[in-house]
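The values are calculated or read from the model by the stated rules, or taken from the named source; none is laboratory data. Source: prediction; values computed, not measured. Virtual Cβ from ideal backbone geometry, glycine too; neighbours counted across all protein chains shown. The protein model used for the area step is the full one, side chains on, heavy atoms only, and it has no ligands, DNA or RNA in it. Shrake-Rupley method; radii C 1.70, N 1.55, O 1.52, S 1.80 Å.
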Amino acid sequence: SETDPNACVQDGYSLDISNVDPEAGTLDILMNNEGPVAGFQFNVDGVDLTGGGGGSSAEAGFAVSTSSAGVVLGFSFTGAVIPPSNGVLVTLTFDSISESVCLSNVILSDDGGFAYDVTVGDCFEGFGCMDDTACNYDSDAVIDDGSCAYEFDCFDECGGSAIEDCTGECGGSAVEDCA
């Protein structure tokens, strides 16, 4: 039996950020669209974009334009539409990334130019300690932010700065010579 190509399509319209790879300088924009999409425009805040292509936008023959200010625009010169789908809309390239990458000002339109109601996914904040020997290892991190800590303080806080004072009180303020 043939597989229904729209089996994964959910109700509604949504955009999400996925597959962020800072070393390669790429990220995917995922789109779920229950109906045809004739054009899109959105901002990607937190990256300096250098280009974009691929995904369902390329399959539909869309022209995709990006700006270093984060604006992404896609449409067809021939009136083509992106059929209902749930997958990569476009892969974007960038040359720098901040600690938070978010989508904003999202517009998906039908072939009459009317905007759909779009749900926008969470910001990408995949930064953290990637060294699994550190006490603050973050298994969700995809970008090491240099925050790794390897020792606990006297309050049992990973990377904390509390020390015992001369009376043995953790975080105490005794400064006399207890000897």
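See the values below:
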read-out: Two-site FRET efficiency, T50 against T78, from Cβ-Cβ distance with R₀ of 25 Å, rounded to 0.05; value: 0.45
read-out: Label zone at C8, where the point sits 7 Å out along the Cα-to-Cβ direction: the range 35-52 residues whose backbone N lies under 17 Å; value: 35
read-out: Accessible area per residue in Å² at 1.4 Å probe, computed on the range 83-179; value: 64
read-out: Sum of side-chain charges, D16 neighbourhood, beta-carbon under 14 Å (Lys, Arg +1; Asp, Glu -1); value: -3
read-out: Extension gain, A115 back to N43 (0.36 nm per residue minus Cα-Cα distance, nm); value: 24.4 nm
read-out: Cut-off 11 Å between beta-carbons: net charge of the residues surrounding A80, Lys and Arg +1, Asp and Glu -1; value: -2
read-out: Debye-sum result for the chain in log10 I(q)/I(0), which assumes one identical scatterer on each alpha carbon, at q = 0.16, 0.17, 0.18, 0.20 Å⁻¹; value: -0.94, -1.02, -1.09, -1.25
read-out: With every protein chain in place, the chain: carbon and sulfur % of accessible area (1.4 Å); value: 46
read-out: Cα centroid separation, the range 7-29 to the range 47-92 (Å); value: 12
read-out: Cα-based Rg and Dmax for the range 8-84, where Dmax is the largest Cα-Cα distance (Å); value: 12.6, 36
read-out: Pair V175, E99: separation of 7 Å Cα→Cβ label points (nm); value: 3.2
